[in-house]
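Data first, discussion second: the structure below is written as C-alpha cells.
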Protein chains: 2
Amino acid sequence: MIPKGETMAIETIPAPMKQLYRDDQLEIDFVRGQALVQGNQLVLTRKEFELLAMLAANEGEIVPREVLMKRIWGYSMEIRTRTLDVHVRRLRRKIMEFGQPCIETVFGVGYRFQRYRADRQRQSFSSVACVAVPA
Amino acid sequence: MIPKGETMAIETIPAPMKQLYRDDQLEIDFVRGQALVQGNQLVLTRKEFELLAMLAANEGEIVPREVLMKRIWGYSMEIRTRTLDVHVRRLRRKIMEFGQPCIETVFGVGYRFQRYRADRQRQSFSSVACVAVPA
DNA sequence: ACTAGCTTTTACATTTTTTTTACAACTTGT
DNA sequence: ACAAGTTGTAAAAAAAATGTAAAAGCTAGT
C-alpha cells in the first residue's frame with residue numbers, strides 16, 4: 001500500500017502480472033518459483049524456470065528465440081550455440097515426466113506454450129504453421 | 001500498537017510472529033532462545049540460533065542467502081567467504097545429532113526450513129526446485 | 001593478559017548448473 | 001528429391017555455487 005501523500009514513479013509500479021498460471025495439468029507460481037505438473041513438483045534450475053515462466057506467461061503466443069535469449073541470457077549470446085535448445089529440451093523432458101507436452105516449436109521463429117485442456121484428446125504438436133512476427 | 005494519528009512505514013511493522021515453533025521433532029522458543037530436538041536441548045551459539053530462528057520462522061519458504069546475511073550479519077559481509085555455509089553446516093550437524101535433516105539448500109538462492117512430519121516416510125531433500133527472479 | 005568458546009577466513013573438494021561442441025534429424029522452398 | 005537453413009540430442013567441458021576441515025582471529029569473563 002502506498003502511504004498517503006506519497007507518490008510513486010510510474011516505472012516502479014509493478015506490472016499487473018498474474019501471480020500464477022494454471023491449467024489442467026500445470027500450475028506455476030511465478031513468485032515462489034515453483035511449478036507443479038499433475039500435482040508433482042518440478043525440480044527446475046533457475047534458467048529452466050525462467051524459460052517456463054516466460055513461455056507460460058505468454059501462453060498461446062509465440063515467443064521468438066531472440067526474445068527468450070535477450071530476456072533470459074541478456075543482450076549478448078551468440079546465435080551459433082544451441083544453448084536455448086538444450087534448455088528447452090531439458091524443460092520439456094521434466095514436464096513430460098509427469099504430464100503432456102506443452103511447448104511447441106515454431107520453426108524459424110521460436111517457441112509457443114499451449115495451455116493444456118483435459119477434454120482435448122491429445123495435443124497435436126507434430127508440426128506447426130510458420131508465423132510471421134512483427135519486428 | 002500504533003498510536004492514533006501516527007503512521008508507520010509498512011516495512012517496519014513487525015510481523016505478528018509466533019512465540020514458538022513446533023513440529024514433530026523440533027521445538028523452538030524464540031523468546032527464550034531455546035531449541036529442543038526430540039526432547040533434547042540443543043546447545044547452540046548465538047549465530048546458530050539466529051539462523052535456525054530465521055529459517056524456522058519462515059518454514060516452507062525459501063530464505064535467500066542475501067537476506068540471511070543481511071539480517072544476521074548486517075549489511076556488509078563479503079560474498080566471497082563461506083561464513084554462512086559454515087554456520088549452516090554446524091547447525092545442521094547439531095540438529096541431526098538427535099533428529100532428521102530439516103534445512104534444505106536451494107541452489108543459487110538460499111535455504112529453506114521444512115517442517116518435520118512424523119507420518120512422512122522420509123524427507124527427500126535430494127534436490128530442490130530453483131526459484132526464478134521476476135524480471 | 002590469559003583462556004575458552006565463538007566466529008570468520010582460507011583453501012580445496014564436491015556438487016550442480018550452464019555452455020559448448022559435434023553431429024543427427026527435421027523443415028521448407030525449389 | 002535436393003539444398004540450405006533450423007532445430008534436436010548427447011556428451012563433454014566449463015563455470016558457478018555449495019560443502020568441508022582446519023587454522024586464525026575475536027571477545028567476554030576472569
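The values are calculated or read from the model by the stated rules, or taken from the named source; none is laboratory data. As the structure is a computational prediction, the values presented were derived from the model and not from experiment. Cβ: placed from backbone, ideal geometry, glycine included. Neighbour counts: every protein chain shown.
State all residues of the range A:96-106 that are more than 12 Å from DNA strand D (Cβ to nearest atom) and not acidic (Asp, Glu); if no residue qualifies, say none. Before you say what the answer is, go through the steps one by one.
Taking the range A:96-106 as the starting set, the residues that turn out to be more than 12 Å from DNA strand D (Cβ to nearest atom) are A:97-100, A:102.
Across the range A:96-106, the qualifying residues are A:PHE98, A:GLY99, A:GLN100, A:CYS102.
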**Request:** Count, please, the residues in the range A:60-84 that happen to be within 17 Å of A:VAL106 (Cα to Cα), near DNA strand C (Cβ under 10 Å from one of its atoms) and within 14 Å of another protein chain (Cβ to nearest Cβ).
**Result:** 1
**Prompt:** What is the one condition in (1) surrounded by fewer than 14 Cβ atoms within 10 Å (Cβ to Cβ); (2) within 14 Å of chain B (Cβ to nearest Cβ); (3) modelled with pLDDT of 95 or more that A:ALA53 does not satisfy?
**Reply:** (1)
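Residues checked against (1) away from DNA strand D (no atom under 12 Å from the Cβ); (2) in a loop (DSSP other than H, G, I, E, B):
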| residue | (1), (2) |
| --- | --- |
| B:MET54 | yes, no |
| B:MET69 | no, no |
| B:ILE79 | no, yes |
| B:ARG90 | no, no |
| B:ARG93 | no, no |
**Message:** Every residue in the range A:92-134 that is at pLDDT 95 or above and among the charged types (D, E, K, R), please.
**Reply:** A:ARG92, A:ARG93, A:LYS94, A:GLU97, A:GLU104, A:ARG112, A:ARG115
**Fill in**
For the range A:90-110, pairs from a residue that is free of Cβ contacts under 8 Å to residues at least 40 places away in the same chain and within 14 Å of chain B (Cβ to nearest Cβ) to a residue that is part of a loop (DSSP other than H, G, I, E, B) and more than 7 Å from DNA strand D (Cβ to nearest atom), with Cβ under 6 Å and 6 or more apart or across chains, are none
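Only one of these is over 22 Å from B:PRO64 (Cβ atoms) and either touching a helix residue (DSSP H, G or I) at 6+ places or on another chain (Cβ under 6 Å) or acidic (Asp, Glu) (or both): A:GLU66, A:GLU48. Name it. Before you say what the answer is, go through the steps one by one.
Values: A:GLU48 fails: over 22 Å from B:PRO64 (Cβ atoms).
Testing whether each residue is over 22 Å from B:PRO64 (Cβ atoms) and either touching a helix residue (DSSP H, G or I) at 6+ places or on another chain (Cβ under 6 Å) or acidic (Asp, Glu) (or both) leaves just A:GLU66.
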**Asked** Given the residues B:GLU11, B:GLU27, which is the only one that is out of contact with any Gly (no Cβ under 6 Å at 6 or more places or on another chain), at pLDDT 70 or above and not in a loop (DSSP other than H, G, I, E, B)?
**Response** B:GLU27
**Message:** Looking at the structure I just gave you, is B:LEU36 more than 14 Å from chain A (Cβ to nearest Cβ) and within 14 Å of DNA strand C (Cβ to nearest atom)?
**Reply:** no
